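The values are calculated or read from the model by the stated rules, or taken from the named source; none is laboratory data. Bear in mind the structure is a predicted one, so any value in this text is a computation, not a measurement. Neighbour counts run over all protein chains shown; Cβ positions are idealised from the backbone, glycine included. Calculation scope for accessible area: heavy atoms of the full protein, side chains included, ligands and nucleic acids excluded. Shrake-Rupley method; radii C 1.70, N 1.55, O 1.52, S 1.80 Å.
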Amino acid sequence: MDEWTAVGDMANKLTSNYPRSYFVNRLKKTSFFEWLQESHDIAINVVYNGITPNSTLSPEYIKKGTEVINEQLAIAGYRLADLIISLDSLKIPKKEISL
């Protein structure tokens, strides 16, 4: 399997597991500052919550971390797509944009 196929497979899996409707409230946040705050909150409340230096991570922590990573990848893809679509204001012919 080449890299592009792997990326496509991952994108299909992410959009299947996390459709756009899953993020209806989070996608209302459109400023980079809001995204930064959202990421900070995830780091504080999920990533660093309940761990101590040099400790072994529990299977539950790893499972939750994997879920958060996949959610973040999915919403990043939707946000990137929205930004690309917003380029329409630059009057780029739609046939030149391939999503």
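Tabulated results
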| item | result |
| --- | --- |
| The lone exception for S55 - which of (1) open to solvent by less than 90 Å² (accessible area, probe 1.4 Å); (2) among the hydroxyl-bearing types (S, T, Y); (3) assigned to a loop (DSSP other than H, G, I, E, B); (4) modelled with pLDDT under 90 it fails | (4) |
| Breaking point among (1) within 13 Å of the chain's Cα centre (by Cα); (2) part of a loop (DSSP other than H, G, I, E, B), for W35 | (2) |
| Residues satisfying the stated conditions in segment 1-17, i.e. loosely packed, with under 11 Cβ neighbours inside 10 Å and either touching a residue at least 12 places away in the same chain (Cβ under 8 Å) or assigned to a helix (DSSP H, G or I) (or both) | E3, W4, T5, A6, V7, N12, S16 |
| Single match in S31, S21, S39 (criterion: open to solvent by 70 Å² or more (accessible area, probe 1.4 Å) and small (G, A, S)) | S21 |
| Failed item in (1) of a type outside the set (A, V, I, L, M); (2) on the phi > 0 side of the Ramachandran plot; (3) touching an Asp or Glu at 6+ places or on another chain (Cβ under 9 Å), with F23 passing the rest | (2) |
| Every pair of residues 6+ apart whose Cβ atoms lie under 8 Å, when the first sits in segment 18-37 and is in contact (Cβ under 8 Å) with a residue 40 or more places away in the chain while the second is aliphatic (A, V, I, L, M) | Y18/A74; Y18/I75; R20/L27; Y22/A74; F23/A74; F23/I75; R26/I75; L27/I75 |
| Of all residues in segment 66-90 being more than 8 Å from the chain's Cα centre (by Cα) and among the β-branched types (V, I, T), the one that is surrounded by the most Cβ atoms within 10 Å (Cβ to Cβ) | V68 |
